[in-house]
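Down below is the structure, laid out as structure tokens.
The values are calculated or read from the model by the stated rules, or taken from the named source; none is laboratory data. Everything numeric here is computed off the predicted structure, so don't read it as measured data. As a convention, Cβ positions derive from the backbone with ideal geometry for all residues, glycine included, and neighbour counts pool all protein chains shown. Ligands, DNA and RNA are excluded from the accessible area calculation, which covers all protein heavy atoms including side chains. Shrake-Rupley method; radii C 1.70, N 1.55, O 1.52, S 1.80 Å.
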Amino acid sequence: MKKSTKTLFFVLLAALIIAAGILLGNRLTNNTEAAFLDKYGLSGLSVKEIVSRLDSTTSDPSGLSASITGKSLVLSDGSKEVQLDLPKDQFYLSFAPYVNQTHPCGFHSLSGCQGELVNQQVHAVIKDSEGNEIINSDLTTMENGFIGVWLPRDIEATVTVSYNGLVAQAPITTYVDSETCLTTPLQLN
């Protein structure tokens with residue numbers, strides 16, 4: 001074999017080995033992720049379904065913590081962590097209006113944040129910076145006192161919440177680095 005043919009052969013062989021390694025690595029990562037989700041009864045669910053399940057209750061699967069950023073859902077059990085990308089065109093905002101008490105929050109902990117108003121009906125209006133209504137409806141806070149909504153990504157908006165004649169309003173953004181938990185600005189007056 002000529003030297004150039006040998007070189008080409010080894011370059012192609014190296015490329016094939018690297019590609020196989022990448023595919024195997026992805027398969028192992030996907031298998032690890034699938035096993036993790038299966039362990040907590042979340043396999044086969046979309047990211048939005050997982051968020052809905054974990055954010056709607058205060059009785060999360062034992063040992064599982066979950067938080068959400070503007071980019072991903074982060075699941076952890078202390079020994080493993082799985083990050084699931086959010087839909088590219090959507091942003092999850094969890095907000096908790098309150099009368100007397102709240103906690104400061106930036107990135108929502110689906111397994112740890114607790115709001116004051118549990119299972120209470122409020123009226124929420126979310127308008128973008130051009131005044132277009134994204135949401136205008138009665139919503140019920142979940143067991144954790146929060147309301148979770150999926151919004152269009154990359155907007156600036158205002159959230160207005162009404163409850164028993166009291167009102168609170170706060171600006172929000174839905175960029176990849178925006179906060180996903182809104183609490184302290186939503187004191188109802």
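Residue by residue through region 124-133, note down the ones that are open to solvent by 40 Å² or more (accessible area, probe 1.4 Å) and over 24 Å from N164 (Cβ atoms). Once the filter is applied, which keeps residues that are open to solvent by 40 Å² or more (accessible area, probe 1.4 Å) and over 24 Å from N164 (Cβ atoms), region 124-133 yields S129, E130, G131, N132. Scan region 143-179 for residues that are modelled with pLDDT of 95 or more, on the phi > 0 side of the Ramachandran plot and not charged (D, E, K, R) and the total you get is 2. Could you check region 96-105 and list, in sequence order, the residues that are without any contact (Cβ under 8 Å) to a residue 24 or more places away in the chain and either within 21 Å of the chain's Cα centre (by Cα) or open to solvent by less than 20 Å² (accessible area, probe 1.4 Å) (or both)? Listed by number, the list is empty, since nothing qualifies. Test T140 against the stated conditions and say whether it is free of Cβ contacts under 8 Å to residues at least 24 places away in the same chain and over 16 Å from the mean Cα position of the chain (by Cα). Spelling it out, T140 is indeed free of Cβ contacts under 8 Å to residues at least 24 places away in the same chain and over 16 Å from the mean Cα position of the chain (by Cα). In the set L139, L166, only one residue is surrounded by 13 or more Cβ atoms within 10 Å (Cβ to Cβ) and closer than 24 Å to T57 by Cβ; that residue is L139. Screening I134 on (1) touching a residue at least 60 places away in the same chain (Cβ under 8 Å); (2) in contact with a Pro (Cβ under 8 Å, 6 or more places away or on another chain); (3) not basic (K, R) shows it passes everything except condition (1).
Table: residues versus (1) open to solvent by less than 60 Å² (accessible area, probe 1.4 Å); (2) in contact with a strand residue (DSSP E or B) (Cβ under 8 Å, 6 or more places away or on another chain); (3) within 18 Å of I147 (Cβ to Cβ).
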{"residue": "D77", "(1), (2), (3)": "yes, yes, no"}
{"residue": "Q83", "(1), (2), (3)": "no, yes, no"}
{"residue": "Q90", "(1), (2), (3)": "yes, yes, yes"}
{"residue": "S94", "(1), (2), (3)": "yes, yes, yes"}
{"residue": "F107", "(1), (2), (3)": "no, yes, yes"}
{"residue": "L110", "(1), (2), (3)": "yes, yes, yes"}
{"residue": "Q114", "(1), (2), (3)": "no, no, yes"}
